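Colleague: Have a look at this one.
Laboratory data are not the source of any read-out in this text; all were calculated from the coordinates shown. Bear in mind the structure is a predicted one, so any value in this text is a computation, not a measurement. Methodologically, a virtual Cβ is constructed for each residue, glycine included, from the backbone with ideal geometry; neighbour enumeration extends over all protein chains shown.
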């Protein structure tokens, strides 16, 4: 520790202070009168005491600030990242090897490093409990998390243990930009192909229309397969609806075919596809794939109006066209001549504009109760939009700004995607108008605007019911970039599709005035938590948030579970957590005054068997990760060399830095205590030896 003061010219200051104190002490104890009162030893003791405390007092007069400098050493952190997905576990010897390796590296390097273990699969977590229970492998999610978790930390190195199989997120080798330490990789698993047949992928529409045939595209792969044929069977709602023989012309073969099934019953229907297992297969779990569809008994007609092609309209149209219960019509506003009431929902893209604000279609919209979605853009005429009477008043202004999305977790009119907070971080900002907006109280905010990183109370997406018409407003253009960016990061657009399908469902579905409403997802993956939301209204349809809303959940075996909803500012919410795959039914009820209300529903939790679809280790991915970060790839055969390399590396060093703190001596209690003790001691000795 170093100590510095702020006293200028300390040498001359000390000489002067010592001279004054010495003179004072001499006058007090070495003049004639003091010689008569005290003996020579007594005068020496008293003079020393007085000299010390006078020196301490004089030092205070200089009002010194003392700067204390501590030298601190931060050991490098060694992060051990383990792929905790089920494809890694293999047999018990594999599990024991990984646990033994982690134990060895902690024993041999523990004094040199701070060691942390991160398990990753769907999402990374800090834990030492390795159980290989995760249902997906997302290597890229680990690197994104590490970039944030270890920001400004002294990371010496990463050791990534896994089989290199990723089935969620982008290629991990393309997500290493924020990793500033070497990533040593340790490959686990079997890279030798074995006899296997697997359903690689199944493409299907989760929503189909009653009475229609719907396609199911099946992709299958055969590896070192010794037979010329196998049998494929498709089951709908537990009944065998199609079965045929597949010819396999060679031992390694790729197969793809589309099967058409009939949607004869409305509601949730389970579909299962099975390849008959062969005796030589070690892994038959990947011979089966199940999913759930929802069969709808009516279609909703959506009209997209704009002044011409626009990528926002394209993104919404592509999302809706994947839903069997929507029929989308796109039209140029100048050429539209149909009846607005023939549609269940109208989308106005940057309309009315300055060029189209006087068209008859807007007069029809004012008189109609057809639900409306308005996208406000740079071409929108604010004055004409205010005249549509949808509960919105905006101040005119042409200036624009960039506004990112900050989603409202308490929103309850429909459910938001479970990973909405994850995607909002990567969604690009929308181009919004730089002006004030006033919404009718019937609207709820789906998302607020975040401007330059600051969360504002300005609306970005709002929905509600105004004058007996449902409406939603998107206060910016550029949502097509959300869909594109999500695909770049996650290789899918699940959150975007989920958000806007639910918004369109809310707007287009007829909503009776009911005092008790329930909203939930009817098809849920087993890797997502099941959430159910509720709203309660009194007789004048004001929201009530102090009632007790209960729910009884039944699984397919008849077991029942009771729950109570949590009250929120805008309604009620119940998180059922992660549920096993299967079909569930529930009855929810609430008592309001003398009236009892109840709602029932059904939903399906889909099995995720993606980890067993491919169990052949991919060491190329691990090798690429190591090479791109300046590290090396190892296997279980040379894992001891990895431990030795990390333990003896001269490139991994502790960070040494200094921490400064400034203090005023007068604030030190010990300083005042010493002064008091010395002055008291002098007084006591003078009295004890007969002085005054």
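Colleague: So how tilted is helix 10-29 from the main axis of the chain? Cα-based, degrees 0 to 90, rounded to 10.
Modeller: Once rounded, one gets 40 degrees.
Colleague: Taking the DSSP beta bridges in the chain as the whole, what percent of them are antiparallel, to the nearest 5? Write out the running numbers ahead of the final one.
Modeller: On the way: 117 of 164 bridges.
In the chain, approximately 70 percent of DSSP beta bridges are antiparallel ones.
Colleague: While we're on this one: Normalised by the number of residues in region 69-145, what is the relative contact order in percent for Cα pairs under 8 Å and 6+ residues apart?
Modeller: On the way: 102 pairs, mean separation 30.0, N = 77.
That works out to 39 percent.
Colleague: What is the gain in length, in nm to one decimal, between residue 655 and residue 355 on full extension, counting 0.36 nm per residue of separation less the C-alpha to C-alpha distance?
Modeller: On the way: separation 300, 0.36 × 300 = 108.00 nm, distance 6.40 nm.
In short, 101.6 nm is gained.
Colleague: Okay, next question. Could you work out the relative contact order of region 456-591, using alpha carbon pairs under 8 angstrom and six or more residues apart, expressed as a whole percent?
Modeller: Working: 181 pairs, mean separation 24.2, N = 136.
Reported relative contact order: 18 percent.
Colleague: Give the calculated FRET efficiency between residue 40 and residue 681 to the nearest 0.05, with a Förster radius of 22 Å applied to their Cβ-Cβ distance.
Modeller: Values: r = 19 Å, r/R0 = 0.86.
My answer for the efficiency is 0.70.
Colleague: Among DSSP beta bridges lying fully in region 300-508, give the percent that are antiparallel, nearest 5. Mind showing how you got there, number by number?
Modeller: On the way: 27 of 46 bridges.
The antiparallel fraction comes to roughly 60 percent.
Colleague: Further, regarding this structure: Compute the acute angle (0 to 90°) between the alpha-carbon long axis of helix 669-688 and the principal axis of greatest extent of the alpha-carbon atoms of the chain; round to the nearest 10°.
Modeller: Orientation of helix 669-688: about 20 degrees from the principal axis.
Colleague: Going by a ≥ b ≥ c, the root eigenvalues of the Cα gyration tensor, does region 307-404 fall in the rounded group (a/c under 1.5), the prolate group (a/b larger than b/c) or the oblate group? Don't skip to the answer; put the middle values down first.
Modeller: Details: a/c = 1.73, a/b = 1.22, b/c = 1.41.
In terms of gyration-tensor shape, oblate.
Colleague: Please compute the length gained on full extension between residue 74 and residue 56, using 0.36 nm multiplied by the number of residues separating them and subtracting their Cα-Cα distance. Kindly include the intermediate steps, with their values, before the conclusion.
Modeller: Working: separation 18, 0.36 × 18 = 6.48 nm, distance 3.72 nm.
Computed gain between residue 74 and residue 56 is 2.8 nm.
Colleague: A further question follows. Residue separation times 0.36 nm, minus the C-alpha to C-alpha distance between residue 688 and residue 425: what's the value? Please list the in-between numbers first.
Modeller: Numbers: separation 263, 0.36 × 263 = 94.68 nm, distance 7.77 nm.
Length difference between fully extended and current span is 86.9 nm.
Colleague: To the nearest 0.05, what FRET efficiency results for residue 322 and residue 662 with a Förster distance of 51 Å applied to their C-beta separation? Present the calculation step by step, with values, prior to reporting the outcome.
Modeller: Working: r = 64 Å, r/R0 = 1.25.
With a Förster radius of 51 Å, E is 0.20.
Colleague: Another one. Normalised by the residues of the chain, what does the relative contact order come to in percent, with Cα pairs under 8 Å and at least six apart? Could the numbers behind the result be given before it?
Modeller: Values: 1405 pairs, mean separation 109.8, N = 692.
About 16 percent, as a whole number.
Colleague: Roughly how many nanometres apart are two label points built 7 Å out from the Cα toward the Cβ at residue 95 and residue 541?
Modeller: Those two pseudo-labels are separated by 5.7 nm.
Colleague: Could you check the simple spin-label distance between residue 456 and residue 569, using points 7 Å along Cα→Cβ, in nm with one decimal?
Modeller: In this crude spin-label approximation the distance works out to 1.9 nm.
Colleague: Between the helical axis of 479-490 and the dominant principal axis of the chain, each derived from Cα atoms, what acute angle in degrees is found, rounded to the nearest 10?
Modeller: Helix 479-490 sits at roughly 70 degrees to that axis.
Colleague: Follow-up question, since we're still on this one. Whole angstrom only: what separates the Cα centroid of region 194-246 from the Cα centroid of region 492-545?
Modeller: One Cα centre to the other: 33 Å.
Colleague: Take the Cα of residue 272, step 7 Å along the line toward its Cβ, and report every residue of region 285-324 whose backbone nitrogen sits under 20 Å from that point.
Modeller: Counting only backbone N, you get 285-295.
Colleague: How would you classify region 171-281 from its alpha-carbon gyration tensor, with a ≥ b ≥ c the square roots of the eigenvalues: rounded for a/c under 1.5, else prolate if a/b is greater than b/c, otherwise oblate?
Modeller: Numbers: a/c = 3.02, a/b = 1.43, b/c = 2.12.
Since a/c reaches 1.5 but b/c is at least a/b, the shape of region 171-281 is classed as oblate.
Colleague: Please label the shape of region 406-508 as rounded, prolate or oblate, based on the square roots a ≥ b ≥ c of the eigenvalues of the alpha-carbon gyration tensor (a/c under 1.5 means rounded; beyond that, a/b larger than b/c means prolate, else oblate).
Modeller: Numbers: a/c = 1.86, a/b = 1.26, b/c = 1.48.
Oblate, since a/c reaches 1.5 and b/c is not below a/b.
Colleague: Find how many whole Å separate the alpha carbon centroid of region 289-306 from the alpha carbon centroid of region 550-621.
Modeller: 22
Colleague: Write down the percent of antiparallel bridges among all DSSP beta bridges whose residues are both part of region 516-606, to the nearest 5.
Modeller: Values: 36 of 39 bridges.
About 90 percent, rounded to the nearest 5.
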